[in-house]
Amino acid sequence: MNKKIIIAIDGYSSCGKSTLAKQLAKELHYIYADSGAMYRAITLYFLRNEIHHTNLNKVREALKDIHLEFVFDVDAGKSVLYMNDENIELPIRDMIISEKVSEVAAIKEVREFAVAQQQRMGNNKGIVMDGRDIGTTVFPHAELKIFMTADIAVRVERRFKELFAVNPAITIEEVKQNLEMRDYIDSNREISPLRKAEDAVVLNNSDLTMAQQLKIALQWAREKIDLV
Ligand code: CDP
Ligand code: CDP
């Protein structure tokens, strides 16, 4: 009676995907994987090593040197991403990374590198992964696919609050521009653009609390688990 499924959560920036993914993983005792953190980590590596995303030879070489691993941090109560044995959870959330990540994530070689690793993480099921192409490309056979949305003003406000807590110099306008730019690039790139998978259920959480969104998604998950 060890029935496990794959839950894929996709959607626009800052609509609550990783919050929901973490909530579901905790309730179901599943692994939680933040695929966006991997693209952010690769972007951090490129910035630190002055690798321009248009220089594909350098990009290919650099990818050989990047080792990414999610490690469960008991104190934080969640899994955090390590790059080449360094906990990079803090630096990858910086606005400098948010400004560059969508360009880096549009590169074919970068996507192949990340997707191969993400798919290996799903080998034993029992995983909740959030991102932009999880239901369409990484796990097209996921038993439950959720496509999340929320009004742009709500999303900006949520992300602004998070960033303001660590950087009081940040402005609402800066956050809004970044979310809109990333949503545009992510939705219009050639490879695996952000799309709702045909068989995904839509969850608009503009007016939902975190408890309410969990209740809805948990019911969807339990219905799918019962079918396994
Ligand atoms: O800041 P937010 O939580 O909205 O984004 P994220 O999940 O950390 O992802 C950062 C960026 O990585 C996105 O804007 C995409 O450009 C890229 N990404 C992607 O291309 N595919 C994924 N599966 C996840 C993220
Ligand atoms: O992963 P994604 O970029 O889609 O968003 P997130 O990092 O999960 O959520 C962005 C912010 O919205 C977080 O600070 C959450 O606490 C908050 N949030 C909320 O206030 N209400 C919800 N129903 C969901 C998320």
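A few comments on the model shown:
- Test: residue in segment 143-157 that is free of Cβ contacts under 8 Å to residues at least 12 places away in the same chain, farther than 14 Å from Lys17 by Cα and either among the hydroxyl-bearing types (Ser, Thr, Tyr) or away from ligand 2 (no atom under 11 Å from the Cβ) (or both): yes
- Inter-residue pairs, beta-carbon under 9 Å, first of a type in the set (Phe, Trp, Tyr) and in segment 107-131, second within 16 Å of ligand 2 (Cβ to nearest atom) and not in a loop (DSSP other than H, G, I, E, B), 6+ apart: Phe113/Met38
- Any chance Gln177 is over 22 Å from Leu20 (Cβ atoms), within 16 Å of ligand 1 (Cβ to nearest atom) and not acidic (Asp, Glu): yes
- Pick from segment 1-24, criterion of a type in the set (A, V, I, L, M) and over 14 Å from the mean Cα position of the chain (by Cα), ranking: farthest from ligand 2 (Cβ to nearest atom): Met1
- Test: residue in segment 62-76 that is over 16 Å from the mean Cα position of the chain (by Cα), within 16 Å of ligand 1 (Cβ to nearest atom) and over 23 Å from Lys161 (Cβ atoms): yes
- Matching entry among Lys58, Lys64, Lys4 (being touching a Lys or Arg at 6+ places or on another chain (Cβ under 6 Å) and of a type in the set (Lys, Arg)): Lys4
- Matching residues, segment 183-216, being within 11 Å of ligand 2 (Cβ to nearest atom), touching a strand residue (DSSP E or B) at 6+ places or on another chain (Cβ under 8 Å) and not polar (S, T, N, Q): Leu203, Ile216
- Single residue of segment 28-79 satisfying the filter (hydroxyl-bearing (Ser, Thr, Tyr) and touching a residue at least 24 places away in the same chain (Cβ under 8 Å)) that is farthest from Lys17 (Cα to Cα): Tyr45
- Subset of segment 90-108 that is surrounded by 19 or more Cβ atoms within 10 Å (Cβ to Cβ) and of a type outside the set (A, V, I, L, M) - its residue that is farthest from Gln23 (Cα to Cα): Ser102
- Segment 111-132, subset closer than 23 Å to Leu56 by Cα and out of contact with any Leu (no Cβ under 7 Å at 6 or more places or on another chain), residue surrounded by the fewest Cβ atoms within 10 Å (Cβ to Cβ): Ala116
- Screening the candidates Lys26, Lys58, Lys4 for the property of being at pLDDT below 95, over 24 Å from Tyr184 (Cβ atoms), more than 13 Å from ligand 1 (Cβ to nearest atom) and surrounded by fewer than 20 Cβ atoms within 10 Å (Cβ to Cβ) yields one hit, Lys26.
- Segment 156-204, residues that are out of contact with any Ser or Thr (no Cβ under 7 Å at 6 or more places or on another chain), of a type in the set (A, V, I, L, M) and surrounded by fewer than 12 Cβ atoms within 10 Å (Cβ to Cβ): Ala165, Val166, Ala169
The values are calculated or read from the model by the stated rules, or taken from the named source; none is laboratory data. Source: prediction; values computed, not measured. Positions of Cβ are generated from backbone atoms using ideal geometry, with glycine treated the same way; all protein chains shown enter the neighbour counts.
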